[in-house]
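> Handing you this structure, nothing more for now.
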Amino acid sequence: VQLQASGGGLVQAGGSLTLSCAASGHTGRFYTVAWFRQGPGKEREFVSAVTWSGGITKYTDSVKGRFTISRDLAKNTVNLQMNSLKPEDTAVYYCALDPGNTIIYQARSYNYWGQGTELTVSS
């Protein structure tokens with residue numbers, strides 16, 4: 001399984017950006033894709049996740065109402081639409097895949113990771 005994350009960049013506070021995670025390889029039919037982020041001097045934290053088969057979504061409280069995770073079934077891609085961005089959203093964002101149909105919040109449980117894409121939100 002290979003994951004390719006893209007879409008990071010520099011944006012002003014209040015702006016929007018979409019991250020994409022393209023999955024390839026033997027993913028199977030049932031798996032979960034999650035986004036994590038790691039800010040400067042911080043631990044990696046769960047942001048959002050979606051189950052591929054049922055489209056169940058979860059978000060961490062700090063991004064609820066601002067971020068939307070979605071699947072593009074045709075492109076085998078998971079997108080994270082981020083609106084109303086804040087400086088505290090600044091981090092390297094990683095997508096990860098777990099070969100299961102249950103959303104897991106702990107980074108250590110994910111075996112497959114993308115390379116990370118950096119988001120900087122200026123105030």
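> What are the residues in segment 54-109 that are hydroxyl-bearing (Ser, Thr, Tyr) and either at pLDDT below 95 or more than 18 Å from Thr120 (Cα to Cα) (or both), if any?
Residues satisfying the conditions are Thr57, Tyr59, Thr60, Thr68, Ser70, Thr77, Thr102, Tyr105, Ser109.
> Restricting attention to segment 65-117, which residues are among the aliphatic types (A, V, I, L, M) and in contact (Cβ under 8 Å) with a residue 40 or more places away in the chain?
Residues satisfying the conditions are Val78, Leu80, Met82, Leu85, Ala91, Val92, Ala96, Leu97, Ile103, Ile104, Ala107.
> Right, here's the next one. Please enumerate the residues belonging to segment 49-64 that are touching a residue at least 12 places away in the same chain (Cβ under 8 Å) and not in a strand (DSSP E or B).
Trp52, Ser53, Gly54, Gly55, Ile56, Thr60, Ser62, Val63
> Still on this model: In segment 1-47, which strands (runs of 3 or more DSSP E) lie fully inside it and hold 1 or more residues that are at pLDDT 95 or above and within 11 Å of the chain's Cα centre (by Cα)?
Answer list for segment 1-47: 2-6, 17-24, 32-38.
> When both residues are 6+ apart or on different chains and their Cβ atoms are under 8 Å apart, which pairs have a first residue that lies in segment 30-42 and is among the charged types (D, E, K, R), and a second that is in a strand (DSSP E or B) and open to solvent by 10 Å² or more (accessible area, probe 1.4 Å)?
Listed pairs, sorted by first residue: Arg37/Glu45; Arg37/Val92; Arg37/Tyr94.
> Within segment 26-43, count every residue that is of a type in the set (Gly, Ala, Ser) and open to solvent by less than 50 Å² (accessible area, probe 1.4 Å).
Number of matching residues: 2.
Results for (1) more than 15 Å from the chain's Cα centre (by Cα); (2) part of a loop (DSSP other than H, G, I, E, B); (3) over 28 Å from Gly14 (Cβ atoms), shown as yes or no for each residue.
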| site | (1), (2), (3) |
| --- | --- |
| Asn79 | no, no, no |
| Ser84 | yes, yes, no |
| Val92 | no, no, no |
| Leu97 | no, no, yes |
| Asn101 | yes, yes, yes |
| Ile104 | no, yes, yes |
| Leu119 | no, no, no |
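The values are calculated or read from the model by the stated rules, or taken from the named source; none is laboratory data. As the structure is a prediction and not an experimental result, all values here were calculated from the model. Note: ideal-geometry Cβ built from the backbone for every residue, glycine included; neighbour counts use all protein chains shown. Keep in mind that these areas ignore ligands, DNA and RNA; they rest on the heavy atoms of the full protein, side chains included. Shrake-Rupley method; radii C 1.70, N 1.55, O 1.52, S 1.80 Å.
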